[in-house]
Amino acid sequence: MTGDLMEMGAYLGRSAIVIGDHLQPGETFTVCDLFDSDAPDDENAAEMVMSYRKTLTRSAFEANYLSFHDELPEIIQAPTGILADGRLAPRSFRFIHIDASHLYEHVVGDIQVARAALQEQGVVVLDDYRSQHTPGVAAATWEAVFNHGLKPILLTESKFYGTWGDPEPFQRDLLDRVGLAAGCELGIETINGHRFVRMVGTSEGIEPFRPSRHSDKLAAEQARREAEESRRALREAQDEAARDLAERRARAAERRRPVNVAKRAARDLLPPVVTSAIRRARRG
């Protein structure tokens, strides 16, 4: 299958980096996100302030993406609702990942855009469809299943994979690959006549994603910082040891210094008031 790829809501680029790995010659990868632009309504603005505003910038996304890829995807810096204006060619996408606003009305709109843009066997992925803090995503997702023809393919802990086409070829392929993901188990479930695959397990045994092209430089910088910290700690320890040694030597020298026996006896035996009087008389 060939066709374009799209992500609605990119944040700092982690999923976009993975999606970009599957871009084939002649295909286009489009990312749509507000990044550091103003939100289209008060509810979305509040959501941005609460969760993303301090860290979400386009420059941060671009830097992260270019750490793994030579070229940036096509970027639309705008609310995902703008995609409903007809700029996306109908039936031209094979994969769309939705992870933008978690507000119900916005997710409904994103699903509608995906349905119009996807090919017959195109796949849509909805993130956070069952998270505690995103009930709007759950409501919009299952509404699409029960009322608008979306068919579940695979359900994981955090992502819903579905299609408006035939889910069975994808499910057969998943079941054939079950042994490839160590620590993961697949099971078949049915909800209201919708058959789907459910994945449970951990990422243990799964090969880590390839390192950033800057990983060697970052590792060298980390090693430099650790070496500098070790040198600083050593200097502080040496300075502390030197101060301690100097104090011990001073105390030892004080103990070795000769003291007039008569003065010591007077200091030890005479009452303090008499000792003070003698000292004043000497000074006078």
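The values are calculated or read from the model by the stated rules, or taken from the named source; none is laboratory data. Everything numeric here is computed off the predicted structure, so don't read it as measured data. Cβ placement follows ideal geometry from the backbone for every residue including glycine, while neighbour counts extend to all protein chains displayed.
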Before we move on, is Asp127 charged (D, E, K, R) and surrounded by fewer than 18 Cβ atoms within 10 Å (Cβ to Cβ)? no
Some residue of the stretch 146-156 being assigned to a helix (DSSP H, G or I) and either surrounded by 15 or more Cβ atoms within 10 Å (Cβ to Cβ) or touching a Phe, Trp or Tyr at 6+ places or on another chain (Cβ under 7 Å) (or both): no
Quick one: how many residues across the stretch 186-209 are out of contact with any Phe, Trp or Tyr (no Cβ under 9 Å at 6 or more places or on another chain), outside any strand (DSSP E or B) and modelled with pLDDT of 75 or more? 1
Of the residues in the stretch 63-95, those that are assigned to a helix (DSSP H, G or I) and either in contact with a strand residue (DSSP E or B) (Cβ under 8 Å, 6 or more places away or on another chain) or outside the structural domain of Phe35 (by TED's automatic domain parsing) (or both) come to Thr80, Ile82, Leu83
Hey, could you check the stretch 14-42 for residues that are assigned to a loop (DSSP other than H, G, I, E, B) and modelled with pLDDT of 95 or more and say which is farthest from Gln119 (Cα to Cα)? Asp21
